[in-house]
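Please read the structure below before turning to the comments.
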Amino acid sequence: LAFPRSNCTVFQNKDDKSLFIRKNWVDEKRAMLIIGSGVNLTQFTPNFQPIEESRPIQIVMLGRLIWHKGMYEFSQVAEHIRRLHPDVRLVWAGELDLDHPDAVPEQWLSSQTNFDYLGRVSDVPELLRRSDILLFPSVYREGVPRSVMEAAATKIPCVGFDVPGVREAVRHEITGYLVAEGDIDGLTKAVLSMLSDSELRTQMGEQARFLAENEFDINKISADYVQTYRDFGIDIPAFG
């Protein structure tokens, strides 16, 4: 009811914009695309220190503990990976959300032995700088997942499902891998490919940072929003 009365509807990914136009929920002439909500590139920076050779490779996931964030899929991939590479560490960071109807039960979480649950992490940039791969099996519908943008800014390649939002933040075979939704074997194979080739991880990480600098910079995103308000006659001071 509200959309037809608005001057503009801003979408964060192409899939949502196309869906709303196709369903006639918004007027195409008043639909705008601004990819994601941006990431602070000075806060999320790569690890410039040499990586200790003794440090195990770390695969990380960031997200609330609800099933749609991919907790079951993550556990299945972790089981396969640990069987072949017992020295690899897999971690999940995020807060419990027991009131959510899709919440992951604490009992199930405590029974998992193939990955470590870190709880809510206060220093996400540091966690990412100590990680090598982002495994993001979420199918939770959102604009563009902030975790994927933050990982890209930290030069971390991503493996995830080819779903709305995620496909905006990952360039297949350039900054990571996208596999069909629900394809756990595909996720596993993509992770194994990265584990076996450190040069590939480095190249994808470099491309991920390049993508973040060119498309996810919060200064650019904020400026786009400010300009949108100005286009409708709202007086906003100069940004920056």
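Whole Å is fine, so just give me how far the alpha carbon centre of region 148-214 lies from that of region 1-79. Cα centroid of region 148-214 versus Cα centroid of region 1-79: 13 Å apart. As a test of the formula, what do you get for the chain when each DSSP H run with n ≥ 4 contributes -39,500 (n - 2.57) and the sum is divided by the residue count, at 222 nm and rounded to the nearest 500 deg cm²/dmol? Mean residue ellipticity, 222 nm, calculated: -10500 deg cm²/dmol.
Specify which labelled value, from (1) 157; (2) 146; (3) 125, agrees with volume of the Cα convex hull per residue in Å³ derived from the coordinates of the model shown. Computed from these coordinates, volume of the Cα convex hull per residue in Å³ corresponds to label (2).
Contact order for the chain, expressed relative to its length and based on alpha carbon pairs under 8 Å spaced 6+ residues apart, stands at 23 percent. Rounded is the label for region 60-174, because a/c, from the alpha-carbon gyration tensor with a ≥ b ≥ c as root eigenvalues, stays below 1.5.
Summing Cβ point charges (Lys, Arg +1; Asp, Glu -1) relative to the Cα centre of the chain gives a dipole of roughly 440 debye.
Could you sort out which of 29/220; 23/189; 23/155 sit more than 31 Å apart by Cα distance in this structure? As for pairs spanning more than 31 Å Cα to Cα, those are 23/189; 23/155.
Just the number, please: carbon plus sulfur as a percent of the accessible area of region 67-187, 1.4 Å probe, no ligands or DNA/RNA counted.
Whole-percent figure for carbon plus sulfur exposure: 44.
Short-range pairs are left out: with C-alpha atoms under 8 Å and at least six residues apart, the relative contact order of region 62-203 is 22 percent. Excluding ligands, DNA and RNA, the accessible surface per residue across the chain is 53 Å² with a 1.4 Å probe. With both residues required to sit in the chain, DSSP beta bridges show an antiparallel share near 5%.
Here is what passes the span test in the chain: the DSSP H helices with alpha carbon length of 15 Å or more along the helix axis and a Kyte-Doolittle mean of -0.5 or above are 71-84, 184-195.
Under the combined filter of DSSP loop state and at most 16 neighbouring Cβ atoms within 10 Å, region 147-211 retains these GluC sites (Glu not before Pro): 173, 181. Place +1 on the Cβ of every Lys and Arg and -1 on the Cβ of every Asp and Glu in region 197-237, take the dipole about the Cα centre, and give the residue among 202, 228, 216 whose Cα lies farthest towards its positive end. Working it through, the farthest residue towards the positive pole turns out to be 228.
Comparing mean-square fluctuations of 24, 214, 13 from a GNM of the chain with C-alpha springs under 10 Å, the top value falls on 24.
The values are calculated or read from the model by the stated rules, or taken from the named source; none is laboratory data. Here the structure is a predicted model, which means the values were calculated and not measured. Cβ: placed from backbone, ideal geometry, glycine included. Neighbour counts: every protein chain shown. The area values use the complete protein model at the heavy-atom level, side chains included, leaving out ligands, DNA and RNA. Shrake-Rupley method; radii C 1.70, N 1.55, O 1.52, S 1.80 Å.
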